[in-house]
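Here's the structure, in structure tokens; my notes come after.
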Amino acid sequence: MGNLPPVFMGIDASTQGLKATLLDEGLNVVSETALNFDRDFPEYKTEGGVHRHTDGLTVTSPPLMWVAALDRLFERLKSGGAPLDRVVAISGSGQQHGSVWLKPGTGDVLAALDPALPLLDQLAEVFSVDESPIWMDASTTKQCRKLEERLGGAQAVADITGSRAYERFTGNQIARIYEERRELYDATERIALVSSFIASLLTGGYAPIDTSDGSGMNLMDIRKKDWSQAALDATAAGLAAKLGQPVAGHTAVGMVSDYLVRRYGLNAAALVIAFSGDNPCSLAGLRLQKPGDIAVSLGTSDTLFGSAREPQPSGVEGHVFANPVDPGSYMVMLVHQNGSLTREKVRDLVVDDRSWQTYRDVMSRTAPGNNGKIGLYLYEPEITPPILRTGVFRFDAQGAPVEAFAPGEEARAVLESQFMSLRVHAESIGLRPANIIATGGASVDPAVIRVLCDVFGVPVRVAEKADSASFGAAYRALHGWKCAQAGAFVEYEQALAGAAPYKIAAEPDMQAHQIYTEMLPRIGELERKIAEG
Ligand code: 5FX
């Protein structure tokens, strides 16, 4: 490679597509390419990258499609003149929880790939399960209850694995295949996550699962960062041997394969850094490292995540994962189902022209705290806290139900209750922000940011880049490479010292913050009342 400047590559294997982002050492994009499964691979007949089964609960994706996409991604990078010969490290992000089931001997097939042929031609026969269960699958309630029963309840499962049993978590998916299609389980040598599977295609051998994505399986002891024997035993016999040993997210898991070097001209010295899940990679992409740095992603659903020094798992809500960029801390995540779609519904009720500008004007007729009025807008069943009842629930300052609010009150109520609820549940799993980075569609709206900022009482910065997971993958490639160069762990912040700081979008009004803090206990109480019907 001579003295040419190094390039770091991130591969993002999301539900809907595959993307590569190449950065230079100054974190500038030098090349990017993206594929969409539905559009670019119509032969797999996916919708949104997935197959929904007729039971309404099972959701899968064909792993061979991911192989075909990796072939195409490298072809495009090469034909587009991407500097593959300067890539010194590759890491990646995968949709969490999905599993890839590989037959005995797949490791040998990967090690002996013929550079004259595409991967697709050589890997068609390696899958013992040809449709991979993915995170949207909700078919394993029975297995979840069984795991909780065997380990001593939902809180006991959370105390070990970081989360209560969730349908989409890989261990419960494995348990279902073990129970219902035992012959396929027995015909499997290795069960990979989407992340570690793509890494395996790059190294030409089984790549380990990283502890961060491994936390989304209900199988790992999040403190020991190793499989929990009790969880393995409650899931399927002989599982440890099929999973391999998990490693920390900054670990170099191998060099790029000879196949990639010869077929696409990759630099033979390029390291593959453990791939991780999309949410852990978003944490890395938003450069949240210090406990107290919290991201709030305001999308279809709202996600709040950040790093925490001590795990405080809940048997009711939220997830604790290993931190992908700091082996000494944890990542905590909450998902609020009622996010932007709910805000938009309220906007359409309140303002005729459906504009956020008019919404802001209407909202400005009311003061922070809405004179004690609280409205909970649950158009969708809520995940955090779990509330199956849907509807709009409005209360006056004394907590008595009321039928309607004035438009200004309604406009304010939805934002206040959403963010106060986020704060209540973040605090209940040990997240207390010192700083918030807002991202996602609604983060550009000043009214939304104002309420978010005042509820939490900390400055809010805005990250404009939408695809934090693919940037996170490339940043993690750089981080892992720096650790490998130093022969020791390098702080993530230090590895990314060149990154431009985020701009402050709002400073808190501490008087408003005080009003919200006093209202918080009422939010928790009203949520409990609604959940209990
Ligand atoms: C997280 O637990 C999820 O299930 C999703 O965010 C997937 O990771 C999406 F890929």
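Data for the structure
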item	result
Selection status of Ile449, open to solvent by 30 Å² or more (accessible area, probe 1.4 Å) and among the aliphatic types (A, V, I, L, M)	no
Residues of segment 85-119 satisfying the condition of being among the hydrophobic types (A, V, I, L, M, F, W, C) and over 22 Å from Gly285 (Cα atoms)	Val100, Trp101, Leu102, Val109, Leu110, Ala111, Ala112, Leu113, Ala116, Leu117, Leu119
Per-region count, segment 15-36, residues open to solvent by less than 60 Å² (accessible area, probe 1.4 Å), farther than 22 Å from Asn3 by Cβ and not charged (D, E, K, R)	9
Test set (1) part of a loop (DSSP other than H, G, I, E, B); (2) open to solvent by less than 40 Å² (accessible area, probe 1.4 Å) - Leu4 fails condition number	(2)
Residue count for segment 249-266, restricted to those that are crowded, with 22+ Cβ neighbours inside 10 Å, away from the ligand (no atom under 16 Å from the Cβ) and either modelled with pLDDT under 95 or in a loop (DSSP other than H, G, I, E, B) (or both)	4
Check on Ala367, outside any helix (DSSP H, G or I), without any contact (Cβ under 8 Å) to a residue 24 or more places away in the chain and open to solvent by 30 Å² or more (accessible area, probe 1.4 Å)	yes
Checking Val462 against (1) modelled with pLDDT of 95 or more; (2) under 22 Å from Met333 (Cα atoms), the condition it does not meet	(1)
Complete set of residues in segment 117-146 that are more than 16 Å from the ligand (Cβ to nearest atom) and either of a type in the set (A, V, I, L, M) or part of a strand (DSSP E or B) (or both)	Leu117, Leu119, Leu120, Leu123, Ala124, Val126, Phe127, Val129
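Residue-wise test of (1) modelled with pLDDT of 95 or more; (2) within 17 Å of Leu298 (Cβ to Cβ); (3) among the hydrophobic types (A, V, I, L, M, F, W, C).
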position	(1), (2), (3)
Asp454	yes, yes, no
Ala486	yes, no, yes
Ala512	yes, no, yes
Thr517	yes, no, no
Leu520	yes, no, yes
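The values are calculated or read from the model by the stated rules, or taken from the named source; none is laboratory data. What you are looking at is a predicted structure, and each value in this text was computed from that prediction instead of being measured. Here Cβ is always computed from backbone atoms with ideal geometry, including for glycine, and neighbour counts include all displayed protein chains. Keep in mind that these areas ignore ligands, DNA and RNA; they rest on the heavy atoms of the full protein, side chains included. Shrake-Rupley method; radii C 1.70, N 1.55, O 1.52, S 1.80 Å.
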